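A.B. asks: Dumping the structure here so I can ask a few things about it.
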Amino acid sequence: MFKGLLSILVAAVLLLGCGGGENSSVTTITGGGQQGPQAGPVIRAAFVALDNNLEVVVDAGPTDGFSLAQANILYATVTVCEPGSSFNCQTIDHIQVDTGSVGLRVLASKVKALNLPSVELATDAVNGRPIVAHECYPFVIGGLWGPNKVADVGLGKQLATRIPIQLIQDDAAALPAVPQDCTDAADEKILSSASTLGSNGILGIGSVTLDCGHICVLGDYSNSYVQYWACPQDAISSVNCQAAAIPANFQVFNPVAALPQHNNGVVLTLPAVDGLGASKVYGELVFGINTSSSSASSNNQLAATARRVNLGVDWQNNFASYLNVTTQFNGATIANSYLDTGTNALFFTDTGITNCLGSTWFCPKDLLHLSAVLSDGDNPAQNKTTVAFDVGNADSLFSTTNTAFPLLAGTYTAAAASGPSFSWGLPFFYGRRTYLSIWQQAGAENGPWYAF
């Protein structure tokens, strides 16, 4: 849906992927998950399909090419269609739901039967070939490379029309190859398959509308990696690609914000999980906040008892808190803090907790009962609310056949490079109804904010 996208070109959309504000780890475990005899229960939240919701699940992930189960990865099924078509569509399961990034990104092989139009930036004056957009999108554990396309995206019964998405290049022979700048930004880890990504794609439904914003409109990548590239159609080498300035209406867009209604945020409900975890957990993702008023579908009303914290928006004077909240823990005030379904554990720094042998996962001898205080990003003294959480022994968790672990936590390893951080990953969401608004969408009540 290109209509109206230019109106969101403001300071609110300065983020660069997961680099300054949206902070998704999109992590998977490297061991465990299928080693022991113990299997936890299958837990389901009550779900009835309405016009603005979608069932989500934590399970072992796509079946093709997986030797180990995944840990704490939330999945949804998404439909991708050729623009304007209700027949030329592909339904794709095991798309990871990620509140810490923006935009739909799917493996190119999953939509190869569709004729999705490219995002065309210009026309080559020499031979008349279109110049099309490609994107490099790094996460904490690696990066994605591939072309940008235009598609209709179905989320349950809702449809976002004509929005830019990214295809993840998962064919080693596909051209153009990954630019070296992108490989460097991804720390040499390009995620180009379901097995390396842990999913068939990523549904980024974070707190803003665009996946880059003003920086990419200017094409000013002087202090970062190049996110958008202009490549001639059928380019045989990334040498033929150039760093590109890209208009706001051509950038990968938040699919929830593009819905015709219920587009100002999401409400995620996951049931409580105990002890060593569950083998599978079903929950509900509702689109919109306070947008359903009829008695039959009043499923996204903000509860009167919900505690709300505001994300920082003062990127010029307080960049560490930009699109983040504040966490006070162990006597430290941590500005770089966020709720993120795309991170599969709680990640923070606590030298008093024993790590598992040869790992950054926490392995305390006994179950730890901890707490921290969340508050506003720009004004840490406001909206303080205490959050209790437990930390278990990761070795014990991974000795089971479970995939949903409420006690999973580990050391935040990037602290030395980028300062302290507290990532409230998927364990935070178990047993909660969590509201996440999208900035500057109508009815979002001056977001962005979290409530729970």
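A.B. asks: Of all residues in region 397-412, count the ones that are touching a strand residue (DSSP E or B) at 6+ places or on another chain (Cβ under 9 Å) and open to solvent by 10 Å² or more (accessible area, probe 1.4 Å).
C.D. replies: Of the residues in region 397-412, 5 are touching a strand residue (DSSP E or B) at 6+ places or on another chain (Cβ under 9 Å) and open to solvent by 10 Å² or more (accessible area, probe 1.4 Å).
A.B. asks: With the checklist (1) free of Cβ contacts under 8 Å to residues at least 12 places away in the same chain; (2) at negative phi in hand, flag the one item residue 243 doesn't pass.
C.D. replies: All conditions pass for residue 243, except number (1).
A.B. asks: Another question about this same structure. Taking the conditions exactly as written (of a type in the set (A, V, I, L, M) and open to solvent by 50 Å² or more (accessible area, probe 1.4 Å)), does residue 304 satisfy them or not? Spell out the reasoning first.
C.D. replies: Numbers: of a type in the set (A, V, I, L, M): yes; open to solvent by 50 Å² or more (accessible area, probe 1.4 Å): yes.
Here the answer is yes, as residue 304 does meet what is asked.
A.B. asks: Give me the residue from region 182-206 that is among the hydroxyl-bearing types (Ser, Thr, Tyr) and open to solvent by 10 Å² or more (accessible area, probe 1.4 Å) and, out of that set, farthest from residue 342 (Cα to Cα). Show your work before the answer.
C.D. replies: So in region 182-206, the residues among the hydroxyl-bearing types (Ser, Thr, Tyr) come out as 183, 192-193, 195-196, 199.
Applying the additional criterion that residues be open to solvent by 10 Å² or more (accessible area, probe 1.4 Å) yields 183, 192-193, 195-196.
Details: 183: 21, 192: 18, 193: 17, 195: 16, 196: 15 Å.
Looking at the filtered set, the residue picked out is 183.
A.B. asks: Mind listing just one residue for me: the one in region 351-382 that is touching a residue at least 60 places away in the same chain (Cβ under 8 Å) and crowded, with 18+ Cβ neighbours inside 10 Å and, of those, farthest from residue 432 (Cα to Cα)?
C.D. replies: So the residue we want is 378.
Matching residues to (1) within 18 Å of the chain's Cα centre (by Cα); (2) part of a loop (DSSP other than H, G, I, E, B); (3) of a type in the set (Val, Ile, Thr):
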position: 72; (1), (2), (3): yes, yes, no
position: 77; (1), (2), (3): yes, no, yes
position: 84; (1), (2), (3): no, yes, no
position: 87; (1), (2), (3): no, yes, no
position: 96; (1), (2), (3): yes, no, no
position: 100; (1), (2), (3): yes, yes, no
position: 110; (1), (2), (3): no, no, no
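A.B. asks: Continuing with the same structure: Just the residues that are closer than 26 Å to residue 269 by Cα and of a type in the set (Phe, Trp, Tyr), please, taken from region 298-350.
C.D. replies: 322, 329, 338, 347, 348
Condition check ((1) surrounded by 24 or more Cβ atoms within 10 Å (Cβ to Cβ); (2) under 26 Å from residue 403 (Cβ atoms); (3) touching a Cys at 6+ places or on another chain (Cβ under 7 Å)) across all residues:
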| residue | (1), (2), (3) |
| --- | --- |
| 100 | yes, yes, yes |
| 104 | yes, yes, no |
| 110 | no, yes, no |
| 121 | no, no, no |
| 137 | yes, yes, no |
| 141 | no, yes, no |
| 147 | no, no, no |
| 162 | no, no, no |
| 178 | no, no, no |
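A.B. asks: Right, residue 336: of a type in the set (S, T, N, Q) and farther than 19 Å from residue 387 by Cβ or not? Before you say what the answer is, go through the steps one by one.
C.D. replies: Details: of a type in the set (S, T, N, Q): yes; farther than 19 Å from residue 387 by Cβ: no.
For residue 336, the condition - of a type in the set (S, T, N, Q) and farther than 19 Å from residue 387 by Cβ - is not met.
A.B. asks: Could you list all residues from region 320-350 that are of a type in the set (Ser, Thr, Tyr) and open to solvent by less than 10 Å² (accessible area, probe 1.4 Å)? Show your work before the answer.
C.D. replies: The initial filter retains those residues of region 320-350 that are of a type in the set (Ser, Thr, Tyr), namely 321-322, 326-327, 333, 337-338, 341, 343, 349.
321, 322, 326, 327, 337, 341, 343 - these are the residues of region 320-350 that are of a type in the set (Ser, Thr, Tyr) and open to solvent by less than 10 Å² (accessible area, probe 1.4 Å).
A.B. asks: Six or more apart or on different chains, Cβ under 7 Å: which pairs go from a residue in region 314-342 that's touching a residue at least 60 places away in the same chain (Cβ under 8 Å) and within 20 Å of residue 211 (Cα to Cα) to one that's of a type in the set (A, V, I, L, M) and exposed (fewer than 15 other Cβ atoms within 10 Å of the Cβ)? Could you list them?
C.D. replies: Within 7 Å, the pairs are 315/11.
A.B. asks: Before we move on, is residue 279 touching a residue at least 12 places away in the same chain (Cβ under 8 Å), closer than 27 Å to residue 428 by Cβ, buried (at least 21 other Cβ atoms within 10 Å of the Cβ) and hydroxyl-bearing (Ser, Thr, Tyr)?
C.D. replies: Working: touching a residue at least 12 places away in the same chain (Cβ under 8 Å): yes; closer than 27 Å to residue 428 by Cβ: yes; buried (at least 21 other Cβ atoms within 10 Å of the Cβ): no; hydroxyl-bearing (Ser, Thr, Tyr): yes.
Taking the combined requirement at face value, the residue does not satisfy it.
A.B. asks: Specify the residue that is surrounded by the fewest Cβ atoms within 10 Å (Cβ to Cβ); the eligible residues are those in region 207-234 that are of a type in the set (A, V, I, L, M, F, W, C) and more than 23 Å from residue 142 (Cβ to Cβ). Outline the logic, then answer.
C.D. replies: So in region 207-234, the residues of a type in the set (A, V, I, L, M, F, W, C) come out as 208, 210, 212, 215-218, 226, 229-231.
Now restrict to residues that are more than 23 Å from residue 142 (Cβ to Cβ): 217-218, 230.
Details: 217: 20, 218: 11, 230: 21.
Of everything passing the filter in region 207-234, 218 is surrounded by the fewest Cβ atoms within 10 Å (Cβ to Cβ).
The values are calculated or read from the model by the stated rules, or taken from the named source; none is laboratory data. Everything numeric here is computed off the predicted structure, so don't read it as measured data. Here Cβ is always computed from backbone atoms with ideal geometry, including for glycine, and neighbour counts include all displayed protein chains. Side chains included, ligands, DNA and RNA excluded: accessible areas come from the protein's heavy atoms. Shrake-Rupley method; radii C 1.70, N 1.55, O 1.52, S 1.80 Å.
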